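The values are calculated or read from the model by the stated rules, or taken from the named source; none is laboratory data. Keep in mind it's a predicted model, so treat the numbers as computed, not measured. Cβ sites come from the backbone with ideal geometry, for glycine too, and all protein chains shown count toward neighbours.
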Amino acid sequence: MSWLRIALRNVLHDGTRVISTLLIIAVGLTALLVGSGFMLSTYDALQEIAMRSEGHVSIIDDTPDPALGGAHQQLTLSHWQTLQADLWEDERVVRVLPRARFEGMISKGDESAVFFGSGVDPKEEFRVHGPFLRTDGILNPWLTPQETPDVMLGTQLARTLGATTGDLLILHTQNRHAENSEITVQLAGLYHTGTPDIDNHSLMTNLTTVATLLDTDNISQLSIYLQRREASTAVQTFLQNRLDGVTVQTWYQRAELYHKVKALYDRIFGVMGLIILIVVFLAVSNTIALAIHQRREEIATLSALGSSPSRIYANFILEACLIGLAATTIGMLLAYAISNAINLSELMMPAPPGKTEGYPIFIYISWPHYFITSVTLIITVVFASFIATRNATRVSIVKGLS
Amino acid sequence: MDRRLELEAITKRYGRDKNSITALQDISFTLFAGEFLAIQGPSGSGKSTLLNICGLIDNPSDGDYYLNGVSVAQLGVSERCTYRRRDIGFIFQRHQLIPAMTVYENIAYPLLLNGVTPKQIRHDVNQLLDTMGLEHRRKHLPKQLSGGERQRVGIARALIKRPQLVIADEPSASLDHQHAHAGLQLMRKLNQAYGASFLVASHDPFVIDHCDRKIELLDGRLETPA
C-alpha cells in the first residue's frame with residue numbers, strides 16, 4: 001500500500017478517458033521523435049556534405065590578387081606543397097587536398113557556356129565526396145596530365161554544350177597576368193551533385209591543367225581531412241596560431257547551406273513541437289479537469305477522511321506522471337518501430353527546392369534525444385495537471401458528499 | 001466521565017442578512033467518552049449539518065465547539081484536516097468507498113494518511129478484516145460487494161485508526177433490516193472494544209433504540225434537552 005499504488009489504481013480505473021489521453025500524448029511524442037529524427041539525419045547529411053566538399057579544416061589566403069578576375073579566381077595560396085607535406089606529419093590528418101578555383105568560358109564548336117572550375121587532386125577528390133558526387137562515363141586514365149588534358153563536367157553543363165565523353169572542348173579564361181588563355185581538353189566524364197546551380201556550370205580538372213592555363217602553381221584552398229571531426233576546432237586553432245597571412249576555418253564556419261537549412265528546419269520543427277506540446281497540454285488539462293469533476297465525491301470523501309489539499313494535489317500529479325510515463329514509453333516504442341520501418345523501406349523524399357533529385361528518407365534513432373524529448377513531454381503533462389488540479393483542492397466537502 | 005465533545009449554542013446560517021436561512025439554532029449538548037449518542041429527527045431537521053460541524057467538515061456561524069476540551073469551532077483548513085485525519089472517523093450514509101481501491105486499500109487509507117508504517121498497516125488491517133469477517137473480500141473492489149459488505153468496509157475504515165470520535169450519518173439508510181441490525185451490532189461491539197464515542201444521526205427507531213442516549217432535532221432546534 002503506497003501512494004504510487006493508489007495513483008496506479010486510479011489511472012487504471014479511469015479506463016477509456018486515460019487511454020484516449022495516453023494515445024494523444026503517445027502519438028504526439030511519436031510525431032516529435034520521428035520528425036526530429038528526420039531533422040537530425042538531414043543535419044547530419046548536410047554536415048557530411050559540407051565536410052566532404054570543404055574538408056574539416058580549410059586554409060585560405062584571403063589576400064585579393066588584382067590581376068585575377070572575380071571571387072572564384074583567387075589563386076593566392078602559394079608554397080602550399082610545403083604546407084601539405086608538413087600537415088601530413090600530423091597524425092590527426094588523413095588527407096590534404098589542394099583546390100584551385102577558376103572561371104571562364106567553355107566551348108564545343110559553336111556552343112559556349114560559362115563555367116566555374118576546380119583544379120583538384122583527381123586521385124583523392126572523388127573519393128572524399130563519396131555518395132554526394134555521382135560520376136558517369138569516366139575515361140581511363142582520367143584527369144591525369146597528358147598531351148590532351150582531361151576535364152569532368154557537370155551533367156547539365158555537358159548537356160548545354162551537347163558534349164559527350166571523349167569530345168574535345170576548349171577552356172577560355174584569363175591567366176594571372178590578365179592575358180587571355182585557352183587550352184583544349186578532352187571530356188573524360190560527367191558528374192552530378194543533384195544541385196542544378198552546380199551541375200549547370202561546374203567542371204573539374206587536374207591541378208597541372210589549371211597551372212598551365214593560369215600560369216601559376218598557386219591554389220585557392222587547402223582542404224584538410226581529419227580522422228575525427230571533433231578535432232576540427234583544435235586543428236584550426238593550432239594552424240591559425242602557426243601560420244601567418246592565411247585564414248584557417250573549420251567546416252562549420254564555411255557550411256553556409258547547413259546553417260541556412262538548419263535555421264529553417266529548427267523553425268519548422270520548433271513550431272511543430274510547440275503545437276504538439278500545446279495539444280498535449282490541453283488534452284491532459286481536459287482529462288484532469290473531467291476527472292476532478294467526475295471524482296468530486298471521492299475528493300470530498302478523501303478530504304473528510306483527513307487528506308490535506310496538498311495531498312490531493314500530489315495524488316493527481318502522481319496520476320498525471322504515471323500517464324505521462326506510460327504514454328512516453330508507448331510513444332518511444334512506436335517512434336522506434338516507425339523509424340525502423342521507414343529506414344528499411346527506403347522511401348524517397350521528393351526533390352527539395354534547388355535540387356533535381358529526391359533522397360532516401362532516413363530517421364535517426366538517438367536515445368539521448370528520445371530521453372530529452374520524453375522528459376520535456378512529461379514535464380508538459382505534469383505542468384498541465386498542476387494547473388488543472390488546482391480545482392480539486394477547491395471542492396467543498398459538504399457539497400461533494402451531498 | 002470525560003467530555004469528548006461539547007457544543008455551546010451552535011448556530012449555522014446559510015446566506016447573509018435578510019435572505020439567510022438558519023439550519024441550526026442554539027444547539028448545545030455534550031458527548032461523553034465511549035458514549036453512543038443518537039441524533040434523531042426528520043429529513044431537513046439539520047442532522048447532517050450538525051454532524052458536519054461536529055466532524056469539522058463545516059464551520060458554525062456562531063457558538064463554540066470543544067473537542068477533548070479544546071475549542072475547535074473556528075480552526076483553519078489545515079488544523080481541521082489534522083483533527084479529521086487523527087481523531088475523527090466517518091461512517092457515511094452511502095458508504096463513500098473509493099471505487100478504484102480494493103477493500104484492503106479503502107480500510108488502510110486512513111493509516112497511510114497518518115504515516116503508519118507498511119508493516120503496521122498490514123497488521124492492523126488484517127486484524128480488522130478478520131474481526132469484521134471481510135478477509136475473503138480484501139482484494140475486491142467496492143462494486144463487487146453487497147450493500148452490507150460495503151457498510152462493514154465503511155465502518156472498518158472509520159475505526160481502523162482508533163479515533164476518539166466516530167460520526168455516522170444514517171448508517172442504516174441504504175440497508176435492509178438484517179444488514180442494518182448487523183451493522184449496528186458491529187458498531188456497538190467496536191464502540192465497547194475501542195472506547196470510541198459515537199454520534200449517530202438517524203430517523204430509524206431501531207438504530208435509536210440501540211443507542212445509550214438520544215437527542216432530537218426539529219427545524220434546526222434541539223427538542224430533547226441534552
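Considering only the stretch B:4-22, I want to know if a residue exists there that is farther than 22 Å from B:GLY195 by Cα and within 18 Å of the chain's Cα centre (by Cα).
Within the stretch B:4-22 (the criterion being farther than 22 Å from B:GLY195 by Cα and within 18 Å of the chain's Cα centre (by Cα)), the answer is no, since none of the residues qualifies.
Restricting to the stretch A:281-299, name every residue that is more than 14 Å from chain B (Cβ to nearest Cβ) and in contact with a helix residue (DSSP H, G or I) (Cβ under 7 Å, 6 or more places away or on another chain).
Those that are more than 14 Å from chain B (Cβ to nearest Cβ) and in contact with a helix residue (DSSP H, G or I) (Cβ under 7 Å, 6 or more places away or on another chain): A:PHE281, A:ALA283, A:VAL284, A:SER285, A:THR287, A:ILE288, A:ALA289, A:LEU290, A:ILE292.
Just to check your reading of the model, which residue among A:VAL280, A:VAL246, A:VAL261 is in contact with a strand residue (DSSP E or B) (Cβ under 7 Å, 6 or more places away or on another chain) and in contact (Cβ under 8 Å) with a residue 40 or more places away in the chain?
The conditions single out A:VAL246.
Just one of (1) among the polar types (S, T, N, Q); (2) at pLDDT below 85; (3) touching a Lys or Arg at 6+ places or on another chain (Cβ under 7 Å) trips up A:SER118, so point out which.
(2)
Going by the structure shown, is A:LEU239 under 16 Å from A:ARG101 (Cβ atoms) and at pLDDT below 90?
The answer is no for A:LEU239.
Please go through the stretch A:46-101 and pick out each residue that is in contact with a strand residue (DSSP E or B) (Cβ under 6 Å, 6 or more places away or on another chain), part of a loop (DSSP other than H, G, I, E, B) and either over 27 Å from A:HIS172 (Cα atoms) or at pLDDT 90 or above (or both).
A:GLY55, A:HIS56, A:ARG92
What are the residue pairs meeting all of these: first residue in the stretch B:85-107, first residue more than 25 Å from B:ALA38 (Cα to Cα), second residue of a type in the set (Lys, Arg) and assigned to a loop (DSSP other than H, G, I, E, B), Cβ atoms under 6 Å, and 6 or more apart or on different chains?
Sorted first by the residue in the stretch B:85-107, then by its partner, the pairs are B:THR102/B:LYS139; B:VAL103/B:ARG138; B:TYR104/B:ARG138.
Can you find a residue that is more than 11 Å from chain A (Cβ to nearest Cβ) and buried (at least 20 other Cβ atoms within 10 Å of the Cβ) anywhere in the stretch B:99-106?
Within the stretch B:99-106, one or more residues are more than 11 Å from chain A (Cβ to nearest Cβ) and buried (at least 20 other Cβ atoms within 10 Å of the Cβ).
Within 23 Å of A:LEU12 (Cα to Cα) and either more than 9 Å from every other protein chain (Cβ to nearest Cβ) or surrounded by 15 or more Cβ atoms within 10 Å (Cβ to Cβ) (or both), is that true of B:ALA168?
Answer is no for this residue.
Residue-wise test of (1) among the aromatic types (Phe, Trp, Tyr); (2) more than 13 Å from every other protein chain (Cβ to nearest Cβ); (3) out of contact with any Asp or Glu (no Cβ under 7 Å at 6 or more places or on another chain); (4) not in a loop (DSSP other than H, G, I, E, B).
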residue	(1), (2), (3), (4)
B:LEU111	no, no, no, yes
B:HIS123	no, no, yes, yes
B:LEU128	no, yes, yes, yes
B:HIS181	no, yes, yes, yes
B:ALA193	no, yes, yes, yes
B:PHE206	yes, yes, yes, yes
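Can you tell me how many residues within the stretch B:9-31 are buried (at least 16 other Cβ atoms within 10 Å of the Cβ) and in contact with a Phe, Trp or Tyr (Cβ under 7 Å, 6 or more places away or on another chain)?
2
Quick check: anything in the stretch A:300-309 more than 14 Å from every other protein chain (Cβ to nearest Cβ) and either under 18 Å from the mean Cα position of the chain (by Cα) or surrounded by 14 or more Cβ atoms within 10 Å (Cβ to Cβ) (or both)?
no
So, B:SER61, is that one within 23 Å of B:LEU111 (Cα to Cα) and modelled with pLDDT of 85 or more or not?
no
Of the conditions (1) surrounded by 13 or more Cβ atoms within 10 Å (Cβ to Cβ); (2) modelled with pLDDT of 85 or more; (3) closer than 23 Å to A:LEU203 by Cα, A:GLY109 satisfies every one except a single condition; which number is it?
(1)
Here is a check on your reading of the model: is A:GLU319 within 14 Å of chain B (Cβ to nearest Cβ) and surrounded by fewer than 19 Cβ atoms within 10 Å (Cβ to Cβ)?
no
Let's see how each residue does on (1) at pLDDT below 90; (2) part of a helix (DSSP H, G or I); (3) among the polar types (S, T, N, Q):
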position	(1), (2), (3)
A:GLU124	yes, yes, no
A:ARG127	yes, yes, no
A:THR135	yes, no, yes
A:ILE138	yes, no, no
A:THR164	yes, no, yes
A:ASP217	yes, no, no
A:SER232	no, yes, yes
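When you look at A:THR216, is it surrounded by 15 or more Cβ atoms within 10 Å (Cβ to Cβ), among the β-branched types (Val, Ile, Thr) and at negative phi, yes or no?
So A:THR216 fits the description; yes.
List the strands (runs of 3 or more DSSP E) that sit entirely inside the stretch B:3-93 and contain at least 1 residues that are of a type outside the set (Ser, Thr, Tyr) and away from chain A (no Cβ under 14 Å).
Of the strands (runs of 3 or more DSSP E) lying wholly inside the stretch B:3-93, those with at least 1 residues that are of a type outside the set (Ser, Thr, Tyr) and away from chain A (no Cβ under 14 Å) span B:3-14, B:21-32, B:36-40, B:62-67.
For the stretch B:130-147, give me each residue that is part of a helix (DSSP H, G or I) and surrounded by fewer than 18 Cβ atoms within 10 Å (Cβ to Cβ).
B:ASP130, B:THR131, B:GLU135, B:HIS136, B:LYS143, B:GLN144, B:GLY147 - these are the residues of the stretch B:130-147 that are part of a helix (DSSP H, G or I) and surrounded by fewer than 18 Cβ atoms within 10 Å (Cβ to Cβ).
Of the numbered conditions (1) free of Cβ contacts under 8 Å to residues at least 24 places away in the same chain; (2) β-branched (Val, Ile, Thr); (3) in a loop (DSSP other than H, G, I, E, B), A:ILE365 fails exactly one; give the number of that condition.
(1)
Enumerate the pairs (first residue in the stretch A:303-323 and free of Cβ contacts under 8 Å to residues at least 12 places away in the same chain; second residue anywhere and outside any helix (DSSP H, G or I) and crowded, with 19+ Cβ neighbours inside 10 Å) with beta-carbon separation below 7 Å, excluding pairs fewer than 6 apart on the same chain, so at least 6 apart or on different chains.
Matching pairs, first to second residue: A:LEU305/B:PHE90.
With respect to the numbered conditions (1) under 36 Å from the mean Cα position of the chain (by Cα); (2) surrounded by fewer than 21 Cβ atoms within 10 Å (Cβ to Cβ); (3) over 24 Å from A:LEU257 (Cα atoms), which one is the sole condition not fulfilled by A:ARG176?
Among (1) under 36 Å from the mean Cα position of the chain (by Cα); (2) surrounded by fewer than 21 Cβ atoms within 10 Å (Cβ to Cβ); (3) over 24 Å from A:LEU257 (Cα atoms), the lone unmet condition for A:ARG176 is (1).
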